[in-house]
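Please read the structure below before turning to the comments.
The values are calculated or read from the model by the stated rules, or taken from the named source; none is laboratory data. Nothing here was measured: the structure is a model prediction, and the numbers come from that model. No Cβ is skipped: glycine too gets one built from the backbone with ideal geometry, and neighbour counts run over all protein chains shown.
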């Protein structure tokens, strides 16, 4: 028969175990400090870019139909990146170190994702050869990781307003999250190659999107670009 003192001790030990288990669970859902710091700095830079309005310059118009074609002017965003390039490069250096040193595969996947998305954002705005090459390389690094990889909830929460909620609505539900992100990055690679004037390689990347899924938003985008490039 248990005495009151022994019962009290057992209750205390049970509470300690519960608290310890909760603490371990919470820590597992938090990224390593190196990743957390660099990801939050990159998020801040992406938010700053997002606040800079894009301007559309009219290049052709039909007043009767009201239809016009235009191009987006990224000049202000490019100037921002040029001014803060040292900070961006420092963030990517820390992400590179994190990818090498990190032990958890789940967080390594997220680090590769942050790096790919960051470089794509940079290259899409400043349009330099260095940024473009780094972006293509980083996106391929993410594409080549295991197909079972999933982006952690913490990363999705940080990117909620500037990326995740905007892209997830276009996901094809018939394929995995990883395949959807691969399709997104294939389009990103193709777009950058097209800007460089490498039409043949751009076509190859767009076609990879259709291998993932022949229907859905990304497939529609890829198919439209393939038709456009084939007419050139």
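Side notes on the structure shown:
- Residue among 50, 96, 73 that alone is surrounded by 10 or more Cβ atoms within 10 Å (Cβ to Cβ), touching a strand residue (DSSP E or B) at 6+ places or on another chain (Cβ under 6 Å) and either within 23 Å of residue 150 (Cβ to Cβ) or at pLDDT 50 or above (or both): 73
- Residue check, residue 105 at pLDDT below 95 and loosely packed, with under 14 Cβ neighbours inside 10 Å: yes
- Taken as a whole, the condition of being within 25 Å of residue 148 (Cβ to Cβ) and out of contact with any helix residue (DSSP H, G or I) (no Cβ under 8 Å at 6 or more places or on another chain) does not apply to residue 207.
- The set of residues in the range 202-226 that are surrounded by 15 or more Cβ atoms within 10 Å (Cβ to Cβ) and more than 21 Å from the chain's Cα centre (by Cα) comprises 203, 223, 225, 226.
- Residue within the range 156-170 that is within 23 Å of residue 81 (Cα to Cα), out of contact with any helix residue (DSSP H, G or I) (no Cβ under 6 Å at 6 or more places or on another chain), touching a residue at least 40 places away in the same chain (Cβ under 8 Å) and in a loop (DSSP other than H, G, I, E, B) present: yes
- Single condition residue 151 does not satisfy, out of (1) buried (at least 17 other Cβ atoms within 10 Å of the Cβ); (2) within 13 Å of residue 38 (Cβ to Cβ): (2)
- Filter result for residue 176 (surrounded by fewer than 22 Cβ atoms within 10 Å (Cβ to Cβ) and within 26 Å of residue 41 (Cβ to Cβ)): no
Yes or no, residue by residue, for (1) over 19 Å from residue 140 (Cβ atoms); (2) modelled with pLDDT under 95:
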| position | (1), (2) |
| --- | --- |
| 174 | yes, no |
| 177 | no, no |
| 188 | no, no |
| 200 | no, no |
| 211 | no, no |
| 228 | yes, yes |
